[in-house]
Amino acid sequence: MSKQYKLVRCTINGKQVEKMIDVRASLTDMLRDDYRLTSIKKGCEVGECGACNVLVNGECFNSCIYLAVWADGKEILTLEGLAGPNGEISDIQQAFIDEAAVQCGFCTPGFIMSAAEILESGREYSDDEIRKLMSGHLCRCTGYENIFRAVKKTMLRRLGKNAEADAV
Amino acid sequence: MYVGKKATRVDAYDKVMGRTKYTDDLCDKGAYIAQILHATIANGRVKSIDTSAAEAIPGVVKVFTCFDLKEKHYFPTAGHPWSTDESHQDVADRLVLTDRVRFYGDDIAAVVAEDEVIAAQAIRAIKVEYEEYPFVLDVLDAMKDGAPQLHEAYPNNILKHTTIRKGNYEEAIKEPGLIKVEGWYDTPTVQHCHIENFICFAEMTGDRIKIVTSTQIPHIVRRVVGQALGIEWGRIQVIKPYIGGGFGNKQDVLYEPLCAWLCMQLGGHLVKLDVPREDTFVSTRVRHAIRSHIISWVRPDGTYAARKLEAFSDQGAYASHGHSICAKGVGAFPQLYPCDNVECDAYTVFTNKSVAGAMRGYGIPQAMWATECHTEEVAAKLGMDPIQFRRKNLMPVGYTDPFSKNELYSDTFNQCIDKGMEATDYLRKYQAYQNQTGDIRRGIGMAVFWYNTAVWPISLETSSCRMVLNQDGSLQVQVGETEIGQGADTAFAQMTADVVGIPMEKVHVVSCQDTDITPFGTGAYASRQTYTAGFSIRQTGSLLKERILNYAHELTRMPPYNLDIVDGNIVRTTDGRVLMTLGELATEALYSLTHSQHITAESTAQIKSNAYSFGCTFAEVEVDIPLCKVKLLDLVNVHDAGTIINPALAEAQVHGGMSMGIGYGLSEKLLFDPKSGKALNNNLLDYKLSTFMDHPRLRAFFVENAEPTSAFGTKALGEPPTCSVAPAIRNAIYQATGVFIDEAPVNPHILFRRFKEEELI
């Protein structure tokens with residue numbers, strides 16, 4: 001079977017790019033192999049664990065079950081693109097550090113991208129809603145507790161509720 | 001001082017910025033891709049393998065089968081230190097590829113191809129002819145005469161049987177008035193489910209082979225690859241980068257020997273072997289399922305007259321860590337609740353299933369399930385309060401184990417229990433939840449655990465450390481103990497900063513272990529690292545400090561005993577004056593035209609002590625009886641792990657262990673088809689790992705009784721958090737419903753059966 005390639009033009013972390021991509025490739029493959037963005041992790045490759053999550057036009061997807069060719073014309077954001085233009089760390093990344101929400105770090109990029117999507121909504125979610133929104137990710141190290149704290153605190157701080165955030 | 005403070009993880013910034021490199025991130029894209037063909041029968045022999053169709057696929061480099069092994073080097077896989085005493089060595093029963101199939105998933109052939117898709121196509125194109133044998137999946141069936149035999153050297157499939165005898169059980173049970181309590185307690189086969197699957201790659205330079213691998217035990221991997229390939233150990237370089245969790249699965253040598261062998265068959269070309277999730281479940285390692293049978297003879301006053309335990313541990317198809325898991329669990333039995341007359345029998349038995357190895361807790365979660373389910377039943381039968389009954393019988397202060405010389409120095413059990421009761425408002429809730437009726441009922445329960453840090457005196461405990469002073473007064477630290485997510489590097493940096501007397505940001509822990517340059521150490525297991533590396537860090541740091549102060553003496557003419565290093569400065573202790581910075585000294589020392597010296601230190605600490613670690617779990621549940629569903633309302637762990645090196649990371653570590661305990665207690669079980677031996681739910685959808693939504697807020701508390709034998713007062717915390725969670729949940733379910741469940745996980749299937757039996761539904 002001869003390989004087929006297709007030109008995929010998209011924006012990755014704010015930069016317009018284009019490359020000929022194997023039509024069978026997943027978005028995970030394209031980002032890791034063609035653009036060497038290695039924050040996208042492979043934990044199952046069938047959409048179960050969430051370690052490969054990235055934002056496509058602002059919406060979080062398991063990039064392992066999203067074909068690379070579907071990314072044509074889309075805006076992709078990966079963890080590498082979450083920091084500011086001069087590498088400034090974002091609030092949610094800092095919260096993961098401050099709340100000791102990082103252990104082995106393998107699931108961390110996916111979790112932060114889902115958190116980024118939730119936080120971008122500008123809404124205040126209940127504890128149960130946060131848990132449900134984050135439940136597409138598996139983590140074996142943290143028991144999710146400190147990840148929950150990081151997300152909730154950042155949400156409250158963005159809403160100007162600093163005192164409530166400190167009490168989480 | 002940094003020890004005891006909430007220092008930020010040294011690797012946290014890189015990890016949240018997506019800069020951390022794991023094995024797959026480091027592999028060159030020109031690598032050949034290896035995939036393994038796994039057997040599709042549970043027991044038998046490969047008669048023939050037809051690789052012609054696979055080899056005809058363009059892009060297939062080569063197909064290797066079990067018949068291509070020219071020399072058969074059997075090797076052990078357990079991540080134990082090597083023993084020079086042959087009788088103490090691990091069982092060498094693996095080959096890189098085997099024609100004798102012992103479980104559905106055994107490794108019989110491998111494809112090397114230019115990419116993953118071609119490799120997968122080739123795997124599907126291989127035709128295998130088997131001679132099938134009858135197989136056995138149940139541990140008690142496997143011990144019966146006439147059962148299918150897995151290994152010739154082990155009649156009745158018994159890998160090992162050990163006993164503990166204390167007093168005289170048979171005589172003791174004749175005492176009049178004793179109450180007998182008997183039960184069988186079962187734990188399931190579960191898997192580690194680290195989010196990074198096992199992966200490694202290998203390539204050769206000259207006659208040496210370099211293996212980069214996701215392992216907890218790089219120095220042990222080097223030795224085992226040498227044994228498996230029959231080559232000198234010095235020709236092998238093993239590199240361990242950041243890894244995406246291990247939990248004991250990567251405390252086994254998994255596919256490094258096969259990957260290295262394939263690489264060597266292909267002229268040393270770079271070969272990557274990336275194990276898919278489905279195969280990680282089946283063909284790496286699992287936790288031993290253990291069936292335990294306990295009989296207790298109790299006096300009406302709540303004291304034990306005699307006790308008996310038989311434990312049957314399901315080893316699966318190969319020896320791996322073997323009997324050490326069951327032996328560790330059974331060894332806890334006479335110690336946790338001491339009794340004058342005890343009989344224990346521990347059996348580890350081969351079955352035609354996935355191979356069991358090390359997993360967080362190493363036999364203790366199974367043992368605590370059995371012991372703490374049983375303890376609750378004894379208290380109930382006596383009509384005693386379950387906590388009062390435990391307090392009466394638990395290991396007393398001053399208890400010393402004659403074998404390890406471990407001692408219980410403080411009233412730690414009572415302190416931990418008190419703290420847990422207070423945190424959960426136990427007394428009020430226990431009272432409120434008595435004698436409930438209705439469909440929805442609540443309960444609160446608890447369980448304790450005992451865990452032994454490190455492996456001395458069963459095995460070697462050694463740690464080596466190197467410190468190298470830089471021109472700016474910072475230093476590199478290297479140890480063989482590995483960062484696998486638990487935060488070891490951060491603890492090591494805190495310890496080093498305190499011992500040498502420099503700011504923590506001046507300590508650069510070299511996270512990556514490379515057997516060519518990293519001092520020897522055996523790696524991450526047995527919750528040993530903060531305890532054992534603590535000795536070598538303290539010893540090496542003291543040595544480095546002595547050398548620095550001797551050089552300071554040359555520069556300042558002050559006697560070394562009047563000098564100290566404080567916050568990165570050379571200080572005259574008599575008046576507190578800062579004489580120079582450590583950076584100034586280090587620069588002078590390196591570039592001096594009169595006495596140039598590269599100031600370094602390296603030393604080995606052999607550890608011949610050990611420490612008990614203790615704690616308990618309190619759980620509160622709500623049980624929906626008609627739906628057979630359990631909702632966890634509250635979960636608290638209390639630990640005495642001695643002095644806590646880093647409270648934030650310790651708490652995080654406890655959360656993770658509690659989470660694994662929740663899965664063990666309520667949802668996780670790897671199932672095998674009784675008709676074929678094939679795993680049925682080897683994926684993260686059907687295997688019920690607990691998720692964000694299955695957890696209440698997790699709370700961790702500490703009782704800090706400094707461990708007197710320890711270099712920094714610390715002892716085991718890595719594995720202990722998993723040990724008592726499942727039985728605590730189960731005991732809470734008992735309080736809610738009055739139904740004892742003796743089989744984990746307590747999922748709706750089990751609850752339905754038990755509620756039917758007890759006529760609740």
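Readers should treat all values here as calculations from the given coordinates under stated rules, not as data from a laboratory. This one's a predicted model, so the numbers in the text were calculated from it and none came from an experiment. No Cβ is skipped: glycine too gets one built from the backbone with ideal geometry, and neighbour counts run over all protein chains shown.
Computed extension length for B:D624-B:T600: 2.3 nm, one decimal, from 0.36 nm per residue of separation with the Cα-Cα distance subtracted. Considering helices alone, the calculated mean residue ellipticity of the protein assembly as shown at 222 nm is -8500 deg cm²/dmol, with DSSP H runs of length four and up weighted by -39500 (n - 2.57) and normalised per residue.
Across region B:462-606, the mean sequence separation of Cα contacts (distance under 8 Å, 6 or more residues apart), normalised by length, yields a relative contact order of 33 percent.
Its residues counted as N, region A:21-74 yields a C-alpha radius of gyration over 2.2 N^0.38 Å of 1.00.
Residues whose amide H lies under 5 Å from that of B:L159, counting only those 5 or more places away or on a different chain, are B:T348, B:V349, B:F350; hydrogens are built 1.01 Å from N in the peptide plane. Could you work out the relative contact order of chain A? I mean the mean sequence separation of Cα pairs under 8 Å and 6+ apart, divided by the number of residues, in percent. Once normalised by length, the contact order is 22 percent.
According to the square roots a ≥ b ≥ c of the eigenvalues of the Cα gyration tensor, what is the shape class of chain B, taking rounded for a/c under 1.5, prolate for a/b larger than b/c otherwise, and oblate for the remainder? Judged from the Cα gyration tensor, chain B comes out oblate (a/c at least 1.5, b/c at or above a/b). What percentages make up the Cα-Cα pair-distance distribution of region B:1-118 when the bins are 10 Å wide from 0? All Cα pairs considered, the percentages come to 11, 25, 25, 20, 14, 5, 1. 3J(HN,Hα) along region B:511-521: 6, 7, 8, 10, 5, 6, 10, 7, x, 5, x Hz, from the Karplus curve 6.51 cos²θ - 1.76 cosθ + 1.60 with θ = phi - 60°, whole Hz, x for Gly and Pro. So which of A:K41/A:K74; A:K41/B:K15; A:K132/B:K629; B:K21/B:K250; A:K15/A:K152; B:K62/B:K127 end up more than 23 Å apart by C-alpha? As for pairs spanning more than 23 Å Cα to Cα, those are A:K15/A:K152. Ignoring the sites themselves, what is the longest stretch of chain B with no GluC sites (Glu not before Pro) in a DSSP loop and at most 14 other beta-carbon atoms within 10 Å? The answer is B:233-757. Computed over the protein assembly as shown, the Cα gyration tensor eigenvalues convert (square root of 5λ each) into semi-axes of 40, 37, 31 Å, ordered from largest to smallest. The modelled label-to-label distance for the pair B:K166/A:E120, using points 7 Å beyond Cα in the direction of Cβ, is 6.1 nm. Once both labels are positioned 7 Å from their Cα atoms along Cα-to-Cβ, the gap between B:E131 and B:E310 label points is 3.5 nm. From largest to smallest, the equivalent ellipsoid semi-axes obtained for region B:68-191 from the alpha-carbon gyration tensor read 43, 20, 16 Å. Over all directions, the projected convex hull of the C-alpha atoms in chain A averages 10.1 nm² in area. Counting only Cα atoms, region B:462-606 measures 47, 30, 26 Å along its principal axes, largest extent leading. Of B:T574, B:T213, the sequence from fewest to most neighbouring Cβ atoms within 10 angstrom is B:T574, B:T213. Mean silhouette area of region B:279-319, derived from the convex hull of its C-alpha atoms and averaged over all directions, reads 4.1 nm².
Listed from fewest to most Cβ neighbours within 10 Å, the set B:R538, B:R9 follows the order B:R538, B:R9. Mean separation of Cα pairs under 8 Å and 6 or more residues apart, divided by the residue count, gives chain B a relative contact order of 16 percent. The residues B:K392, B:K669, when put in order of fewest to most other Cβ atoms within 10 Å, stand as B:K392, B:K669. In order along region B:668-678, the phi-based Karplus estimate (6.51 cos²θ - 1.76 cosθ + 1.60, θ = phi - 60°) of 3J(HN,Hα) comes to 8, 6, 8, 9, 10, 5, x, 7, 10, x, 6 Hz; Gly and Pro are listed as x.
Taking region B:301-323 and a reference point 7 angstrom along Cα→Cβ of B:I158, the backbone N atoms nearer than 20 Å belong to B:308-323.
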